[in-house]
């Protein structure tokens, strides 16, 4: 009707690279590189070099599924300049968790890539746990004596897989006790690992504890003395395993530090009541952010550390950008016309 | 290394439908249908049926390009239930404006589609202008006498094209005067339209005025009497053409209404200083939202109406979902593995 403009007025010569879950799985950098990448993002968020708005949870009408829009902008300096983007992630309530990360280098003619987000999120989460474990290694008697460590992993989903791999790198030789609703054959057991009979059985004596159950898991009682003083807990399931009341009890027993990836995100999520309420026992504010502690000295005494990181998209973005660079080099992915 | 899980642990059977700009151009519903769709979203946002968080502008380090993450969730009722998603849109400073809209029907195994956003945004913006024109038709002497209307379009980009088409539908027979930096051959002139020699020449006597210049256009003086009392102004370029000082002068002259798509978004953008500052003259708060006025009576006297809509993703989402349905029916697009 209005013939003045051809249909292709919006089409430009370049294309957008799409990477599926299988592509991402084939391109993920080593776990050591993943940790290095997210450490950079964590440091830049703390320094204000990165722009990390709080994630936006969408109101889906009261059902169990969630959907989060997670924008961020980072600066890779000589390694790539500014990178802006957003993660879309949804699922829960029985539906698989998945989505995409949109990646753009501003000024370079629009989106660079669209990267499947499930495997990436599982890797990113474990890498941030690795960064947390590096700045807050366990200070149990055994750890301080230089003995072989032991670990507990609560939950048996994809995060158990990626976290087991991170522990293998950062605490080589540590044996892990798993507690989950899954069968042993479904768990990423390494030689020496075991399946525990209860959550207390798994945790007791562990120097490193990963809690990674589904967000809608019913609360379970945990005995205070199942958590060894000086243990480092990598808490990636909000308050589903470790309640605010348990944090308060730990703090009443001895020195406790709460560490997170982004204090702004942590406070936003606390304010939304998703880390427990005054009624059920709420998590306290964080004492420090991982990015502040990188390169600093570990505490000298016995301190039980809870690393509760909620996930920030600056970390997703730095990984997605690196995966896109690898995809370009190897010619992996689907090129989409704009 | 961890052999317990196959690589395809994240891959599900369904795929994601990607629609390029060319696909979208071939699938856009008629302008009348576009207006009906965005009216539904505008009404639902006002009623709180839709969830419309403010858009998140990303800090790209002080350059001219912008990037916005724009999440929303709408409810189509029997026509499709809940739809959640987010638009990513970037450009400016010489770079083309583009991006994608992510569309999901929660609980239905993740993303339904990824829809190119440039043509969609141009259509959506004009459709919202159409909804604004319907609730706020001009009340000039000529309009109230039932005479043939005249229009002005300031700016000659993609929005000029889509807005000319909306005017053709809603004010058939109206002749338009264009003012832009482009040559006449680049403008979507219809028979009877003309190219004006100045912004005042274009606006003078117009019953309907569209202002759609690039956001970074240098301010231009506009004579107060170039705007006919009772005209309806469709302002889609923030404060680039119509300054807050001009709004104040119009208000001092006679009755003025300011209407927007979302008061929350309008106030958020005002607070960010993007609708002028106290120093340069800031836009006032809106008097009403389009969705509140739908189906109501038009004003009886002469009221100059400024419809300044900033763009909300609920409107993008309702259009993108309809385009995806059309794409499924016609088998258009690229199916991406998850």
One finds the C-alpha centres of region A:19-65 and region B:87-114 to be spaced, in Å, by 18
Whole-percent tail of the Cα-Cα distance distribution for chain A, cut at 29 Å, equals 39
Region B:291-305 scanned against label point 7 Å out from residue B:255 along Cα→C-beta; backbone N under 17 Å for B:293, B:296-305
Rounded to the nearest 10, the angle in degrees between the Cα long axis of helix B:158-170 and the longest principal axis of the Cα atoms of chain B comes to 70
To the nearest 0.05, the calculated FRET efficiency linking residue A:134 and residue B:216 through their beta-carbon distance, R0 being 51 Å, is 0.70
With a ≥ b ≥ c from the Cα gyration tensor eigenvalues, square-rooted, and the rule rounded for a/c under 1.5, otherwise prolate when a/b > b/c and oblate otherwise, region A:205-270 is oblate
Taking every residue of A:66-75, the Cβ atoms of other protein chains inside 10 Å of its Cβ average out to 6
Label model pair residue A:33, residue B:197: point-to-point distance (7 angstrom along the Cα→beta-carbon line) in nm is 6.5
With R₀ set to 45 angstrom, the calculated FRET efficiency between the beta-carbons of residue A:109 and residue A:186, to the nearest 0.05, is 0.50
Everything considered on the Cα gyration tensor (a ≥ b ≥ c; rounded for a/c under 1.5, else prolate if a/b is larger than b/c, else oblate), region A:65-174 must be described as oblate
Relative contact order in percent for chain A (Cα pairs under 8 Å, 6+ apart) equals 23
From DSSP H assignment alone, runs of 4+ in chain B each adding -39500 (n - 2.57), the sum over residues rounded to the nearest 500 puts [θ] at 222 nm at -9500 deg cm²/dmol
Expressed as a whole number, the average count of other chain Cβ atoms within 10 Å around the Cβ atoms of A:83-94 is 5
By the C-alpha gyration tensor axes a ≥ b ≥ c (rounded if a/c is under 1.5, else prolate when a/b exceeds b/c, else oblate), the shape of region A:123-251 is rounded
Placing each pseudo-label 7 Å from Cα in the direction of the beta carbon, residue A:328 and residue A:285 end up separated by a distance in nanometres of 4.2
So the angle from the long Cα axis of helix B:31-47 to the longest Cα principal axis of chain B, reported in degrees to the nearest 10, equals 80
Binned at 10 Å starting from 0, the alpha-carbon pair-distance distribution of region A:240-338 in whole percents comes out as 13, 34, 24, 16, 10, 3
Here the equivalent ellipsoid of the protein assembly as shown, derived from its Cα gyration tensor, has semi-axes (largest first, whole Å) of 53, 25, 22
Each residue of A:107-120 has, on average, a number of other protein chain C-beta atoms within 10 Å of its C-beta equal to 5
Sorted on mean Cβ neighbours within 10 Å (highest first), peptides A:321-333, A:125-137 come out as A:125-137, A:321-333
Label model pair residue A:141, residue B:223: point-to-point distance (7 angstrom along the Cα→beta-carbon line) in nm is 9.2
Rounded to whole angstroms and listed largest first, the alpha-carbon spread of region A:45-118 along its three principal axes comes to 44, 25, 17
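Quick note: the coordinates plus some simple rules give every number you see, no bench work behind them. All of these numbers come straight from a predicted model, not from anything done at the bench. Neighbour counts are summed over all protein chains in view; Cβ atoms, including those assigned to glycine, are modelled from backbone coordinates with ideal geometry.
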